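Asker: First the structure, then my questions, so here it is.
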């Protein structure tokens, strides 16, 4: 953000907030947050769009993150990007997980140790993210297999007519006995550039090889018992991998305090 843009932003917020955001101290960061939240969310509370308790929880989470930050790393030059992140968060504060993810993004944006890896696109992706996508993202990110997972697509073929159809799309193996069947949510992660799917190659590490075998057997058994025995089953293996962009996004919005 250039100096003129920062000046324009500072002109619309209260004087005590304006002074506080430019002076890194624990008390000043608190003043800044109060001023920014009042300026940004006051009208939403008045109109009943956001509950005050949700804003308070959001502000408390951010304040805690700043309290844990070395204030030498506080970067007021990213104030404009942080303010835009607040704008994007306005309609997502009713979901605790998304609220926490926005809190992490806001704190990271103003932390010079990590903000060079934060894309301006992060806030837009988060603003449009469904709660199902957020839950799945967290489940995959916290898995020991992160950032790559065995992938399965299941096809059935009528033996007589030789007509093939896809029965299950983009199943994800996360352990020897557990797989995730959320193809629409996986599509959301792909659309956002967080993960990519490779249906031509498989993962070669020991854990993945074991999962390919055990989950294929499990899926084959379940599919066989739910289908007419005149149909054959084909399981095609691949890989779901977090992109570099997706890894940076996940590490930012799911950072631990």
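Asker: Does residue 190 satisfy the criteria of being surrounded by 13 or more Cβ atoms within 10 Å (Cβ to Cβ), modelled with pLDDT of 90 or more and in a helix (DSSP H, G or I)? Please lay out each step first, then the result.
Answerer: Details: surrounded by 13 or more Cβ atoms within 10 Å (Cβ to Cβ): yes; modelled with pLDDT of 90 or more: yes; in a helix (DSSP H, G or I): yes.
Yes, satisfied.
Asker: If you don't mind, there's one more thing I want to ask. Among the residues in the stretch 81-96, are any surrounded by fewer than 16 Cβ atoms within 10 Å (Cβ to Cβ) and within 15 Å of the chain's Cα centre (by Cα)? Working first, answer last.
Answerer: First pass over the stretch 81-96, keeping only residues surrounded by fewer than 16 Cβ atoms within 10 Å (Cβ to Cβ): 87, 91, 94, 96.
Narrowing further to those that are within 15 Å of the chain's Cα centre (by Cα): 96.
Scanning the stretch 81-96, I find at least one residue that is surrounded by fewer than 16 Cβ atoms within 10 Å (Cβ to Cβ) and within 15 Å of the chain's Cα centre (by Cα), so the answer is yes.
Asker: Next question, about the same structure. Residue under question is residue 110, and the condition is that it be farther than 30 Å from residue 238 by Cα, in contact with a strand residue (DSSP E or B) (Cβ under 9 Å, 6 or more places away or on another chain) and surrounded by 14 or more Cβ atoms within 10 Å (Cβ to Cβ); does it hold? Reasoning before the result, please.
Answerer: Details: farther than 30 Å from residue 238 by Cα: yes; in contact with a strand residue (DSSP E or B) (Cβ under 9 Å, 6 or more places away or on another chain): yes; surrounded by 14 or more Cβ atoms within 10 Å (Cβ to Cβ): yes.
Spelling it out, residue 110 is indeed farther than 30 Å from residue 238 by Cα, in contact with a strand residue (DSSP E or B) (Cβ under 9 Å, 6 or more places away or on another chain) and surrounded by 14 or more Cβ atoms within 10 Å (Cβ to Cβ).
Asker: Where in the stretch 90-180 are there helices (runs of 4 or more DSSP H), lying wholly inside it, with at least 1 residues that are within 20 Å of residue 199 (Cβ to Cβ)? Walk me through it before giving the result.
Answerer: Values: elements: 96-109, 121-128, 131-141.
Result: 131-141.
The values are calculated or read from the model by the stated rules, or taken from the named source; none is laboratory data. All of these numbers come straight from a predicted model, not from anything done at the bench. Every residue, glycine among them, receives a Cβ derived from its backbone with ideal geometry; neighbour counts consider all protein chains shown.
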